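The values are calculated or read from the model by the stated rules, or taken from the named source; none is laboratory data. Fair warning: this is a prediction, and the values are worked out from it, not measured in the lab. Please note: Cβ atoms are built from the backbone with ideal geometry, for glycine as well, and neighbour counts cover all protein chains shown. Accessible surface is based on the protein model in full, side chains and every heavy atom, while ligands, DNA and RNA are left aside. Shrake-Rupley method; radii C 1.70, N 1.55, O 1.52, S 1.80 Å.
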Amino acid sequence: MTHHAPASVTKVRKALSVSPLKTSAPLGAAMAFMGVEGSMPLFHGSQGCTAFALVMLVRHFREAIPLQTTAMSEVSTILGGMENVEQALVNVVKRAQPKLIGLASTGLTETRGEDMIGDLKLIRARNRELDDVVVVPVRTPDFSGGLEMGWGKAVKAIIETLVPEEKAPSSQNRVNVLAGSHMTPGDIDELRDIIACFGLEATILPDLSGSLDGHVPDTWIPTTLGGTTLDEIRAMGWAKATIAIGEHMRLSGETLETRTGVPTTQLDRLTGLEAVDRLMTVLSQVSGRPVPTRLRRQRNQLVDALMDSHFAFGGARIAIAGEPDMVWAYATLVSGMGAQLQAVVVPTEAPFLSALDTAEVVVGDLEDLADRAEGCDLMIANANGRLPAHRAGVPHFRAGFPIVDRVGSNHRVTIGYRGTRDLSFTLANALMDVHEAHGTHGQDEQGGYGHTPITLNTEQEG
Amino acid sequence: MISDRIASVFNEPDCDKNRAKSDVDRKKGCATKGLTPGAAAGGCAFDGAKIALQPVTDVVHLVHGPIACEGNSWDTRNVGTKGPMIYRWGFTTDLSELDVIGGGEKKLYRAIKDAISKYDPPAVFVYQTCVPALIGDDIDTVCRVATERLGKPVIPVNAPGFVGSKNLGNKLGAQALLDHVVGTLEPDDVGSTDINIIGEYDVAGEFAAVEPLLERLGIRIRACITGRSRYVDIAAAHTAQVNMMVCSQAMINLGRGMREKYGIPYFEGSFYGIGDTSLSLRTIAKMLVERGADADLIDRTEALIAEEEAKAWAAMAEYKPRLEGKKVLLYTGGVKSWSVVHALQEMGMEVIGTSVRKSTEDDKGKAKRALQQNTTGKMGELFGSIPNGEMYRMFKDGEADIMLSGGRSQFVALKARTAWMDINQERHAGFEGYAGMIEMVRQMDIEINNPVWEQVRLPAPWDEVPVALTPVHTASAATPLAGAAE
Ligand code: SF4
């Protein structure tokens, strides 16, 4: 890796956020709960927050999404929401019989200072019908953090609710994986396969590959279908090791380690040669087996792919925006092949991004990205980047959350040797389209280069 | 006070729903209806206000609140307007914890100022949301001060989510226009055939199929509220001769308010469906003539209707053989379903049911009568909201061949391997006017007759009882090469 001065991570000081990059913490929590089998996320707040989150999740995952609300009104906000929580829990259990309810607070109930966790104890004591359901409360005010924070908090809360605080004898072949919100259902599947190559079995939490991978069921189930089972989560203390992926999983990893004594390895990402090498080392150590031939071959292919692709990346200027861990994975990949990070924007504070090879990481919105993206070769951002990309006159590659206007993004694999290989190709091809467009069209009417938005067909890889 | 304003909206005398209610029920308002904790669906009042006003394309729509309100929802609707794109940019104060503790008014003022200096819109609409409402941020005052100091109209839209449903929000949005925008500008080109269309959102630019019809009749749209409108059009809307209320319940207070304040008569109509389009044109012509327009407008309108209807039915007849006998489930809250029902029946399709979740009694009656007209003789059903599980079963059991609905229930149909078509706000095709109905039928043909349905319903080979295992080998033996080898 090249050595460079640390980037400054600066928050744009402005009162007006334009084209928000941030999505809310409760939404992140809901997404995490969807990776648990038989679960139903429930927002403690007014119904609108749930409706917005629901629509966004449906459009991104292209699945029916279970999500409920305590339906707070102006009056119940003033009087207190305990009764709404109680009714909501009882109704959800009656209607959908979930195994787990993920109860996430919102800005409204946190502003009022509701004691959701205390209330929950009272509610459980007086409603025997709730005995069989696990309720995981998590405090996620909308005014603090974004999607990754909500996701991280929910995973931590799931661990605290379900994993017993005890050191258990460890099984020989089980590992825990704490997956970040930037991992697609396709990534989760790939990771499970990689782990299986070492003769290990993984408990992946949360596991969106089972629940949001676009399967077509034979019956209708009102809660999530697939995902980590409650028994698997309860048994996480029996594993030999835990791997936490992404900075926003660090706290959950530490929590699990403190509760169970299972050692946690923190991996910053699983995209890129070095990163996957680290994963191989960990898995090899845990399993006591050498890296299987199949994966060694894949590594070779990746080395070749990086060399083939780097011509497109060398000197290319890239603007990138998204949740911090997703940005970290993509930015290190492209700058590792010689691209310049012309602009990097994240929605929330992320000091660890100072390690990126760029002058400045901006904590801001997509307007900030558009302001800094002019003249770059490629913009990497979620679907909402389409307007800013248009304004800056640059092509747009969709990555992150939400992606509502392309199909297949949930199956995109970006991790492991194979995933990195394919992602490098896809991005390189996108850049080659750009170069080609410039080459063939030459100067545009305004006499400038590259200010004509180019339509890329880069969503689906083979 | 927001509570007074809401009370006045609840008392809306022209709202059919309200007229049917007892005094006690009326006091409860539309807000409490249908909100069962743990079993609620639907947007909040802020959502409703924003939907109603967002199609004003040249203003800044600034959402005052934490990220949940705007961050999770911006740029989800397509208005087909060419021209200003500013309405799509997504502006919010994105309140942080510190703002919530210290109060958000100063930040809001600065945000308004920044929006004006950076984007120079003709006006800023400021939307209140739950958290700042709870901590007591007074957006009315901030907007008033901003208007005075910054010299641009800054309009408060006081509809925080927790006061009620989307429907209530539509009305509160309309109220903001009536209170702060309509009548603030005197145009110099007032004409005798100017009309406003209220409650038209111009989804996917579909109003483009209607506007030319009016143009041919010499009728000018002063303001289309709010699809494809500019701020100044709405500010001058009080000079029109007639108001047409399209989505009548959503903005009825605006129509009534303008009648009281400016003496503009209104009628309720729709541009969905052939018959409804004709009826609306007829009514516009008649009312304009009553208000002093040339009487020949009526004859010209009849001539246009005759011509367009004939063309539309002829164009649709082409699709009939491919649609005849197919069963449709109409599951919609917004679009007036009966006008669509008629067109489907005309295609020989059987409408197995339509939902009347958000309809008034009058709407329900119309829908019921429409459902009796199924040519197959089978009477369609009126549904409330259908739970996902039940809907899934209906498709699995083959009770419908296609569902027309909004995006939310899309995946219930798809999971049951059943055709689906979007008819709500997020859709990309326009269905209004004569051309729109043809387009709808054409789209339905494309969807329902797509060969993919046959494919995806094929059972997997391992799910089938093995019949004969030999043909594969027999086939290969018949090839010349295999024959030569033997
Ligand atoms: S319910 Fe309130 S907090 Fe939630 S989205 Fe609506 S306005 Fe915002």
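A few notes on this one:
- Amide H contacts under 5 Å for A:VAL136: A:ILE101, A:GLY102, A:LEU103, restricted to partners 5 or more places along the chain or on a different chain, H placed in the peptide plane at 1.01 Å from N.
- Histogram of C-alpha separations across region A:126-192, 5 Å bin width, %: 3, 12, 15, 18, 19, 18, 10, 4, 1
- Per residue, region A:1-124 exposes 33 Å² of solvent-accessible protein surface, assessed with a 1.4 angstrom probe and all protein chains in place.
- Note, ³J(HN,Hα) from phi for region B:107-124, Karplus 6.51, -1.76, 1.60, rounded to Hz, x at Gly and Pro: 5, 4, 4, 4, 5, 4, 4, 4, 4, 5, 6, 8, 10, 6, x, x, 6, 10
- Considering only the Cα atoms of region A:112-163, their convex hull presents on average a projected area of 4.4 nm².
- Part-to-part distance (alpha-carbon centres) for region A:378-397 and region A:186-205, which is given in Å: 33
- Segment B:VAL452-B:LEU150, extension gain: residue separation times 0.36 nm, minus the distance between their alpha carbons: 103.0 nm
- Averaged over peptide B:91-103, the number of partner chain Cβ atoms lying within 10 Å of each residue's Cβ comes to 4.
- A:PHE52 - accessible surface, heavy atoms, 1.4 Å probe, Å² rounded to 10: 20
- Mean projected area of the Cα convex hull of region A:275-344, taken over all directions, amounts to 5.5 nm².
- Working note: 222 nm ellipticity from helices only, DSSP H runs with n ≥ 4, each -39,500 (n - 2.57), summed and divided by the residues of the protein assembly as shown, gives -13000 deg cm²/dmol to the nearest 500.
- If R0 equals 22 Å, the separation of the Cβ atoms of B:ARG259 and B:ASP294 corresponds to a calculated FRET efficiency of about 0.40.
- Peptides A:139-149, A:9-19 ranked from most to least packed by the mean count of surrounding Cβ atoms within 10 Å: A:139-149, A:9-19.
- For residues of A:62-71, the mean tally of beta carbons on other chains within 10 Å: 5
- ³J(HN,Hα), Karplus 6.51/-1.76/1.60, whole Hz, each residue of region B:266-273, x for Gly, Pro: 10, 9, 9, x, 8, 9, 8, x
- Chain A: proportion of alpha-carbon pairs further apart than 34 angstrom, %: 34
- Region A:1-146, Cα convex hull volume normalised per residue, Å³: 173
- Its residue count N sets the reference 2.2 N^0.38 Å, and the alpha-carbon radius of gyration of region B:198-260 equals 1.08 times that reference.
- HN-Hα J in Hz across region A:166-179 - Karplus 6.51, -1.76, 1.60, θ = phi - 60°, x for Gly and Pro: 7, 8, 9, x, 8, 7, 6, 10, 10, 10, 9, 10, 9, 8
- Between amide H atoms placed 1.01 Å from N, distances below 5 Å from A:THR228 occur with A:VAL36, A:GLU37, A:ASP207, all of them 5 or more places distant or on a separate chain.
- Kirkwood-type hydrodynamic radius, region B:194-316: 14.6 Å, calculated from all non-identical alpha-carbon pairs.
- Normalised by the number of residues in region A:343-435, the mean separation of alpha-carbon contacts (under 8 Å, six or more apart) gives a relative contact order of 19 percent.
- Charge dipole (debye, nearest 20) of region A:25-144; +1 at Cβ of Lys and Arg, -1 at Cβ of Asp and Glu: 240
- Convex hull volume per residue in cubic angstrom - Cα atoms of region B:235-291: 76
- Chain A, relative contact order [Cα under 8 Å, separation at least 6], %: 18
- Computed across region A:288-429, the Kirkwood radius stands at 15.6 Å (inverse of mean 1/r, all Cα pairs).
- Expected-Rg normalisation [2.2 N^0.38 Å, Cα atoms] applied to region B:43-182: 0.95
- Nonlocal amide H pairs with A:GLN68, under 5 Å, H built at 1.01 Å: A:LEU42, A:PHE43
- Projected over all directions and averaged, the alpha-carbon convex hull of region B:318-456 occupies 7.8 nm².
- Inter-chain Cβ neighbour average for residues A:36-48, partner chain, 10 Å: 5
- The protein assembly as shown: Cα Rg divided by the 2.2 N^0.38 Å rule of thumb: 0.98
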